[in-house]
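Visitor: I'd like to ask some things about the structure below.
The values are calculated or read from the model by the stated rules, or taken from the named source; none is laboratory data. Just so you know, these numbers come straight off a predicted model, no measurement behind them. Ideal geometry is used to build each Cβ from the backbone, glycine not excepted, and the neighbour counts take in all protein chains shown.
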C-alpha cells in the first residue's frame, strides 16, 4: 500500500449516490472500476462517503467499513474470504490500519512480460535468395557515413558558411 493512512485531512463527509460517482470523484483508474464493483458487491455495501484520501464504504452487515483508495481497498478481517469470479483475493496485512487487511487494485500490477515470440510479425519474412539485389549490396555501402564538407568561414562574423555560401551576417 503506497498511499498514506491516517486521519482525513480534507474529507467533506458527504455521501455519494453511487459507487461510480465516488470512483469518478476520487479519480480512480477506469481499469479498476469493474474490480472494485465486484469487491463491494461481494461484501455488501450500503453507502459510500467521501473521506478525503479515500472513499468509506459502509457495510450492510457486520464488519469494518472498507476504505477505497486509488490503489487499494482496505478493511477486510483476517479470516474473511472475498471471492471475485472463482478467484479468492489475496489479502495482505494493513500497514496503517491494523488488524485489518487490504487488497491491491489491478492497475497496480506490472504488465505481463511479452516474449520475443509474441513480438514477431504475423507474416514470415521471405528468405534471402543468393543473387538478389538486397544480397548484392555490401553492408559498408548501406551503412556509409555522410561526407562532411567544408564551406569555409565568414571573414566578418567568423561563422561557418552554408552550402549556398551565406552566413548569419548576410
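Visitor: Under 9 Å by Cβ, and 6 or more places apart or on different chains, what pairs join a residue from the range 70-93 that is at positive phi and at pLDDT 85 or above with one that is surrounded by 10 or more Cβ atoms within 10 Å (Cβ to Cβ) and assigned to a strand (DSSP E or B)?
Guide: 75/56; 75/57; 75/59; 75/66; 75/67; 75/68; 75/101; 75/102
Visitor: Now a separate question. So, in the range 30-68, of the ones that are in a loop (DSSP other than H, G, I, E, B) and under 21 Å from the mean Cα position of the chain (by Cα), which residue ends up surrounded by the fewest Cβ atoms within 10 Å (Cβ to Cβ)?
Guide: Among residues in the range 30-68 that are in a loop (DSSP other than H, G, I, E, B) and under 21 Å from the mean Cα position of the chain (by Cα), the one surrounded by the fewest Cβ atoms within 10 Å (Cβ to Cβ) is 53.
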